[in-house]
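Reviewing the structure listed below.
The values are calculated or read from the model by the stated rules, or taken from the named source; none is laboratory data. Only a predicted model underlies this, so the values are computations on that prediction, with no experimental measurement involved. Every residue, glycine among them, receives a Cβ derived from its backbone with ideal geometry; neighbour counts consider all protein chains shown.
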Amino acid sequence: MSLLQPVGVVSFMALAAVLFSLGLYGALSRKSAVMVLMSLELMANAVNINLVALSRFTAPAEMTGQIFAVFSMVVSAAEIGLGLALVLALYRRSQTVELDAMQELKG
Amino acid sequence: MNYVIAIPLIPALAFAILAPLSGRSRNAAVPIAVGASVITLGLSIAAFLAVWPGGHEEALYHTSITFATIGSVKLAAGILLDPISATMLVVVTLVGAAVQVYSLGYMHRDERIGWYYAVLSLFTAAMLGLVLSDNFLQLYMAWEVMGLCSYLLIGFWHEQEAPRKASIKAFLTTRVGDIGFALALAVMYKTAGSFDFAVVLHDFAWAPGAATAVALLLLFGAMGKSAQVPLHVWLPDAMAGPTPASALIHAATMVAAGVFLVARALPIFEASGVALTVTMFVGITTALVGGLLASVQHDIKKVLAYSTISQLGYMFVALGAGGIVAGFYHLVTHAFFKSLLFLGAGVIIHAAHTQDMREMGGLAKKMPVTTVTFTIGSLALAGIFPFSGFWSKDEILTVLWHGEHYVVFVLALVAAFVTAFYVARLWFRVFSGPEQTSGLKEAHVEMLVPMSVLAAVTSVIGFGSPYFAEFLGHVGEWPAAAIALTSTAVAGLGLALGWWAYGRRNQVLNTRPLKSRAGFVYAALAQKLYFDLTYDYFIVRQYGRLAGALSEFDRTVVDGIVNGAGAIWRAGADVGALIDRVVIDGAVNGVATLVRAVGARVRRIQTGRVQSYQALMLAALVVLMLWFVVKGA
């Protein structure tokens, strides 16, 4: 794989994989709940990229991937809104957004 | 004549009012009982006067209701007013009213006087129900109620041991006789098919065998109630009860119920023949035994008790000779003069603070009314003209003479002699000689009035004897002069001997003239002719041994079986419990322990940290992907 090659599906998928991995790492390692949510968004957008790219390169006429990506973004927006609201509620309750401080569900 | 029904019901009502009350309110209701007895007396006299001019043996008023039906057998209760029952009505209610008024004075300090009056009322109701009954079954039921009342009154002072024991003895002894009565009822119904007097006594033709069976069983019942030898042992002990109750129940009325029963059932006795002879034999034995035993008692009430037994025996003799008039008439006169004597004895006991005649004396000077009335009663008992006992005793002797029962006639004269002797002994011991008690004074007026009434009746009733016989439907006549003179001479001899032994100046302080002259006779008599000892040895003690043996059997065999079965069950239950504990509990606890151990280990992955869950999910994803890769390859 050479940098001079035309941009193809593999490039998109590589980008998506990098983004997903960054998101996964962030979700696993960040202490702040806000940062974890942002990392989750990264992973979601990696998936969106995959959807759009694969649709563009396999069946461009139908545009199913693009449309599905738009749905996915809407759902992500709603999800992040809910997630931030939960974080806010948690903050009000315990004056912190550190995930390590939240262990009430320990078995 | 409908008011006759009310006669037994009024005292029953008095009992129904008094019995449910308690303590002080019951004591306050005593006038109700006294009032009821006086009203009953009035009604009875009215009924008697209504019957009197008729003067024959037919029923003048008869009504009956069926109170129970068993299968096709109808059980009836009825009221039969005829000369016999009308006479008994007056006797029972007059003595009853006298005793109730007298008890106002005698019992007024007792804290349970209300209960005493309640039982007296129930007794009066039962006795009236008995004399008015028109069938043997009702008679038997009233009979048993009277037995209960007798038991309650003998044991009235149940805080003390003697009345308690005496009440049980009286109840059980009369119970022995009652069995005879109950069997008589069974045989009677089996043969005659009815309990009604009209059927059993008049319409039904008795075969001699059946009649003998029924008559002897009835006689046995009567012997228990009327304290005839050998079932007499309860009556002297019954003197442990209140003296007025003794006067009413154990002298005048209840003990006469046996005589009344035999008088009522006399047609059956006559159909049998043998039963009459047995009745006469029992009666004369009792008359002699009772008289002899009365002669050695020191307790004034026991003298009167044995005297009662003796006089009841006299009545049986008369009935056994077929002399219903003589026997029944003696019942009536005896009821009056013996209740008079008992009431007098009550006054004497109150005044002298003892029942032992050896500790009495000289009462005549301080207690004139008591002395006069008691003397009238004593002379009537001894059979001295013109008092009532003279007339009825002469009638009995006349019947025996005319019936050609010469041996019994002589024995009856002996009994009369003994009677006069112990009457004199009693009288001289109590009334003459030096005073032994300080502070003697006459009794209250409510005690003296009933005694005076009874004394008046005793004085005059004898002159009615021929009219009484006609009233009962027999030929009435004055006693023959020969018999009257003989009996008076015998009684006079008895009194004279009594005076010689106890009344003479130098004999007054000799407490044991008989013992000093005839020791072995005295010993036998003092031991009550060994009746009580015999019963104690052969019945009470053997019964006790039997009960002990049965108790031992119960303890060892029956209890052993029960306890053995229990032990077996228990062992089985122990095994079951062991299985339960080890196997079932083990399984349950084992499962629980297992779950707990697994949980303790598994819970460690439940850290509560979102990111560790994520890491786990990632690891699981990787593993799955690797698995797919490997599988795909």
Qualifying residues in region B:70-115 (those that are among the charged types (D, E, K, R) and within 30 Å of residue B:158 (Cβ to Cβ)) - the one surrounded by the fewest Cβ atoms within 10 Å (Cβ to Cβ): B:109
When you check residue B:597 against the structure, is it under 30 Å from residue A:101 (Cα atoms), in a helix (DSSP H, G or I) and more than 14 Å from every other protein chain (Cβ to nearest Cβ), yes or no? yes
Where residue B:309 falls short, out of the listed (1) over 21 Å from residue B:399 (Cα atoms); (2) within 19 Å of the chain's Cα centre (by Cα); (3) of a type in the set (A, V, I, L, M): (1)
From the option list B:602, B:591, single residue qualifying as more than 14 Å from chain A (Cβ to nearest Cβ), hydrophobic (A, V, I, L, M, F, W, C) and either in a helix (DSSP H, G or I) or in contact with a Lys or Arg (Cβ under 9 Å, 6 or more places away or on another chain) (or both) is B:591
Would region B:500-521 turn up any residue that is of a type in the set (Ser, Thr, Tyr) and either modelled with pLDDT of 75 or more or in contact with a Ser or Thr (Cβ under 7 Å, 6 or more places away or on another chain) (or both)? yes
Please find, within region B:207-220, the residue that is nearest to the chain's Cα centre (by Cα) out of those that are closer than 18 Å to residue B:317 by Cβ and free of Cβ contacts under 8 Å to residues at least 60 places away in the same chain. B:220
For region B:169-181, check the following and say yes or no: at least one residue is buried (at least 24 other Cβ atoms within 10 Å of the Cβ), part of a helix (DSSP H, G or I) and in contact with a Ser or Thr (Cβ under 8 Å, 6 or more places away or on another chain). yes
Go over the candidates B:278, B:233 one by one and state the one that is closer than 30 Å to residue B:356 by Cα and touching a residue at least 40 places away in the same chain (Cβ under 8 Å). B:233
I need the helices (runs of 4 or more DSSP H) fully contained in region B:374-477, keeping only those with at least 3 residues that are in contact (Cβ under 8 Å) with a residue 12 or more places away in the chain and within 19 Å of residue B:94 (Cβ to Cβ). B:388-402, B:445-460, B:465-471
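One line per residue, one yes/no per condition, for (1) free of Cβ contacts under 8 Å to residues at least 60 places away in the same chain; (2) away from chain B (no Cβ under 11 Å):
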| position | (1), (2) |
| --- | --- |
| A:68 | yes, yes |
| A:74 | yes, yes |
| A:81 | yes, yes |
| A:84 | yes, yes |
| A:90 | yes, yes |
| A:95 | yes, yes |
| A:100 | no, no |
| A:106 | yes, no |
Scanning region A:1-29 for residues that are crowded, with 17+ Cβ neighbours inside 10 Å and not aliphatic (A, V, I, L, M), the one farthest from residue A:101 (Cα to Cα) turns out to be A:12
Can you name the residue in region B:367-381 that is aliphatic (A, V, I, L, M) and farther than 17 Å from residue B:463 by Cα and is also modelled with the highest pLDDT among such residues? B:372
Residues in region B:605-633 that are within 14 Å of another protein chain (Cβ to nearest Cβ), assigned to a loop (DSSP other than H, G, I, E, B) and either of a type in the set (Gly, Ala, Ser) or under 60 Å from the mean Cα position of the chain (by Cα) (or both) total 1
Counting only residues that are assigned to a helix (DSSP H, G or I), under 12 Å from the mean Cα position of the chain (by Cα) and small (Gly, Ala, Ser), how many does region B:117-159 have? 4
